[in-house]
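Novice: My questions all concern the structure below.
Derivation of every value follows stated rules applied to the coordinates shown; laboratory data play no part. Every value quoted in this text rests on a predicted model; they were computed, and no experiment measured them. For neighbour counting, all protein chains shown are included, and Cβ atoms are generated from backbone atoms with ideal geometry for every residue, glycine included.
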Amino acid sequence: MSARTDVLLWAQRVVGRKGATAAQILELPASATAEAAQEAFHKTARMAHPDLHRNGLTADELELVTTAYARAAAAYHELRARPTTAPPPRSPTAPPPRSPTGPPPRVRSDNTSGPTFADGLPFSPASAMTSKALIYYRKAELCLRRGDIPGAVLQLKMAIATDPASPLLRSALAEVQAETGKK
């Protein structure tokens, strides 16, 4: 079979697995280690990364591959985040950890220092998502500056796959897609 056929069959298989566990999406046993998940995801990335197929697939096929790849990336991050040992104890003097999405931003009425969290700390995209999602978010910003809308959409979908709970990423994707629809 050709690489195109292989990647399309893989994408259909992944997208068709509604409610599948992370291990099932990466085609691993439920007891797979983080190392096995990494190996499986890297194999998937070498075969099915959407950038590899940008020129060889139709728009609908590329969307299917992008969706499947995003699910595989999210599954990999879920498996990688599984604790293998107990986390180290937190110092009693350390501040409590902030949620990756944090409280919703609030704009100060005087608008002198921009948006802030309810606790007064400044709001930034970095505080609204995980570090991996932030990398994809920044890449999406670069794509938008270059005028590469499909690239920006792809990067935002990858960011959402790594941090599905981030409302900032979902709203950013909706804005970019709305702008695309206006043109």
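Novice: What is the extension gain from Ala34 to Ala178, computed as 0.36 nm multiplied by their sequence separation minus the C-alpha to C-alpha distance, in nm to one decimal? Display every interim value, and only then the final one.
Specialist: Values: separation 144, 0.36 × 144 = 51.84 nm, distance 3.76 nm.
Taking Ala34 through Ala178 to full extension adds about 48.1 nm, to one decimal.
Novice: Now for a different question. Can you check what the net charge comes to around Ala20, using other residues whose Cβ is under 15 Å from the Cβ of Ala20 (Lys, Arg +1; Asp, Glu -1)?
Specialist: +2
Novice: Here is a further query. How big is the charge dipole of region 1-82 about its Cα centre, in debye rounded to the nearest 20, if each Lys and Arg gets +1 on its Cβ and each Asp and Glu gets -1 on its Cβ? Intermediate values should be presented prior to the final figure.
Specialist: Values: 10 positive and 9 negative charges, 28 e Å.
So the dipole magnitude of region 1-82 works out to roughly 140 debye.
Novice: Further, regarding this structure: What does the charge add up to near His53, with Lys and Arg as +1, Asp and Glu as -1, over the other residues with Cβ less than 10 Å from its Cβ? Mind dumping the intermediate values first?
Specialist: Numbers: positive: Arg4, Arg54; negative: Asp51, Glu61.
For residues surrounding His53, the net value is 0.
Novice: Right, something else. Tell me the net charge near Pro164. Cut-off is 14 Å between Cβ atoms, Pro164 excluded, with +1 for each Lys or Arg and -1 for each Asp or Glu. Present the calculation step by step, with values, prior to reporting the outcome.
Specialist: Working: positive: Arg71, Lys132, Lys157, Arg170; negative: Glu78, Asp163.
Taking every other residue near Pro164 into account, the sum is +2.
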